[in-house]
Amino acid sequence: MKKSVLSFIVILALFISWVAVPPIVSAGLKERTLMTAIQMPAGFDIHLYADQVPNARSMALSPSGTLFVGTRIEGKVYALVDSDGDLRADRVFIVADGLTMPNGVALWNGDLYVAEVHRILRFRQIEAHLEKPLPPETVFDGYPNDDHHGWKFIRFGPDGKLYVPVGAPCNVCLRDEPIYASITRINRDGSGLEIYARGVRNTVGFDWHPVSGDLWFTDNGRDWLGDDQPPDELNRATMPGLHFGFPHCHGGTLADPQFGSSQSCEQFTPPAAALGPHVAALGMRFYVGRMFPESYRGQIFIAEHGSWNRREKIGYRVMVARLRGDRVVSYEPFATGWLVGSAAWGRPVDVEIMRDGSLLVSDDKNGVIYRISYRQTQNQTQK
């Protein structure tokens, strides 16, 4: 009897969890499930762009529309092609394999740059060799080889240099080597390494303002100061050489218990906005497309990967930071639903803007890329 009751309880628990959280990982993501589960403002739709990209992380889109996707635990880099123009990838290529946390991908004049933990690789004219890429060249191999916060997001800046962050090799620490907790930049041939920004614990997403050219970036706050502090940060670098506080100060106002006594928060560059505590804000992009309503243009979309050690989970969504000039005036949810109660069935990582103005979102938990598009509502059409 006891065994029967126990079996019933287990079956009931499994049934409840199946109903509460879409069975995406085990059964494959269904369009109907996705559209029902994700809540967005009126007029927006979400569909699958690709569903065969295990551990999909950072993205880079070529001018011709090929989407390159890095991974953190798979060791692979993917190329996704929409060959029939139906706005869904129908061809998936593995362009690199066996790499060490190749999270970051970036493109320059047809060459694909890939960031491993300690080095930057370059695949020449990658789109001409998707089925059999040319052997990669090592552009630079002088970065630290620490796995802790060692995965990298990379992008080319308006100056033509490759920006490469180096995370703190710890939760919170102060290392003698100045390259830790920084954003660096190098020339395309790997020369000219310099530290652009300091005091950056771990950024996995940045972009440049389409008008001012200032560098904006997310930064993950330290752990183990409680559920509600410190906040993650959205930062703005107006020039090289700024220090953003880590490990002495968090969120612009919170002195670190161990490293904050000798340094005042006032001497560091404060964040442009304090985000949620432990939301793991990762990829971000200024919206420069034309598909979405005018109110979204020039605003910042941010993917929140979600908390891992908070008692009440938070994040697991796509947010929008609204600007007035260079000032953040609000931070609000845009796409939610990956977190159901205390269960998260999806984890947004990066965002990318397609040529038609739609928004791509990677999800490393499900190994998929979503495409968010906009259609006019009836009321807007009447206006």
(message) What is the sum of charges, Lys and Arg at +1 and Asp and Glu at -1, for the other residues whose Cβ falls under 12 Å from the Cβ of Leu275?
(response) -4
(request) Find the centroid of the Cα atoms in segment 29-97 and in segment 142-198, then give the distance between the two in whole Å. (result) 27 Å
(message) With a 1.4 Å probe and all protein chains left in place, how much of the accessible area of segment 34-182 comes from carbon and sulfur atoms, in whole percent?
(response) 48 percent
(message) Under the rule a/c < 1.5 gives rounded, and otherwise a/b versus b/c splits prolate from oblate, where does segment 83-237 land using the Cα gyration tensor?
(response) prolate
(request) Once you have a ≥ b ≥ c as the square roots of the Cα gyration tensor eigenvalues for segment 269-383, tell me rounded if a/c is under 1.5, and otherwise prolate or oblate according to whether a/b is larger than b/c. (result) oblate
(message) Rounded, prolate or oblate for segment 253-293? Axes are the square roots of the Cα gyration tensor eigenvalues, ordered a ≥ b ≥ c, and the cut-off for rounded is a/c under 1.5.
(response) prolate
(request) Would you kindly state how much longer the chain becomes between Gln229 and Asn145 on full extension, computed as 0.36 nm times their sequence separation minus their alpha carbon distance, in nm to one decimal? (result) 27.3 nm
(message) Would any residue of segment 329-355 have its amide N under 14 Å from a label point 7 Å out along Cα→Cβ of Arg322? List them or say none.
(response) 329-334
(request) Divide by every residue of the chain the summed helix terms, -39500 (n - 2.57) for each DSSP H run of at least 4, and state the resulting mean residue ellipticity at 222 nm, rounded to the nearest 500 deg cm²/dmol. (result) -2500 deg cm²/dmol
(request) Calculate the spin-label point distance for Ser295 paired with Leu193, positioning each point 7 Å from the Cα along the beta-carbon direction, and give it in nanometres. (result) 4.7 nm
(request) Note down the accessible area of Glu352, probe 1.4 Å, to the nearest 10 Å². (result) 20 Å²
(message) How big is the dipole moment of segment 52-91 about its Cα centre under a simple scheme where the beta carbon of each Lys and Arg is +1, that of each Asp and Glu is -1, and everything else is neutral? Debye, nearest 20, please.
(response) 260 debye
(message) Of Tyr113, Thr71, Gly276, which is farthest towards the positive pole of the chain's charge dipole, taken about the Cα centre with +1 and -1 on the beta-carbons of Lys, Arg and Asp, Glu respectively?
(response) Gly276
(message) Can you tell me the length gained on complete extension of the stretch Leu130 to Ser261, counting 0.36 nm per residue apart and subtracting the Cα distance?
(response) 41.8 nm
(message) Relative contact order for the chain: what percent, with Cα pairs under 8 Å and sequence separation of 6 or more?
(response) 15 percent
(message) Using the crude model of +1 on Lys and Arg Cβ and -1 on Asp and Glu Cβ, and no other charge, please compute the dipole size for the chain relative to its Cα centre, in debye to 20.
(response) 780 debye
(message) Out of the total accessible area of segment 210-317 (probe 1.4 Å, heavy atoms of protein only), what percent is carbon and sulfur?
(response) 50 percent
(message) Tell me the per residue accessible area of the chain using a 1.4 Å probe; a whole number in Å² is fine.
(response) 44 Å²
(request) Mind giving me the nanometre distance, one decimal, between the label points for Cys170 and Asp97, set 7 Å out from Cα along Cα→Cβ? (result) 3.9 nm
(message) Give me the one-decimal nm value for the distance between modelled label points at Asp214 and Leu87, 7 Å along each residue's Cα-to-Cβ direction.
(response) 3.3 nm
(message) To the nearest 20 Debye, how big is the dipole of segment 241-383 about its Cα centre, given +1 on the beta carbon of each Lys and Arg and -1 on that of each Asp and Glu?
(response) 500 debye
(message) I'd like the accessible area for Thr253: 1.4 Å probe, protein heavy atoms, all chains in place, Å² to the nearest 10.
(response) 120 Å²
(message) Counting only chymotrypsin sites (Phe, Trp or Tyr not before Pro) that sit in a DSSP loop (anything but H, G, I, E, B) with at most 12 other Cβ atoms within 10 Å, what is the longest stretch of the chain containing none of them?
(response) 1-223
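The values are calculated or read from the model by the stated rules, or taken from the named source; none is laboratory data. The model shown is predicted, which means the values in this text are computed figures rather than measured ones. Cβ atoms come from the backbone with ideal geometry, glycine included; neighbour counts cover every protein chain shown. Keep in mind that these areas ignore ligands, DNA and RNA; they rest on the heavy atoms of the full protein, side chains included. Shrake-Rupley method; radii C 1.70, N 1.55, O 1.52, S 1.80 Å.
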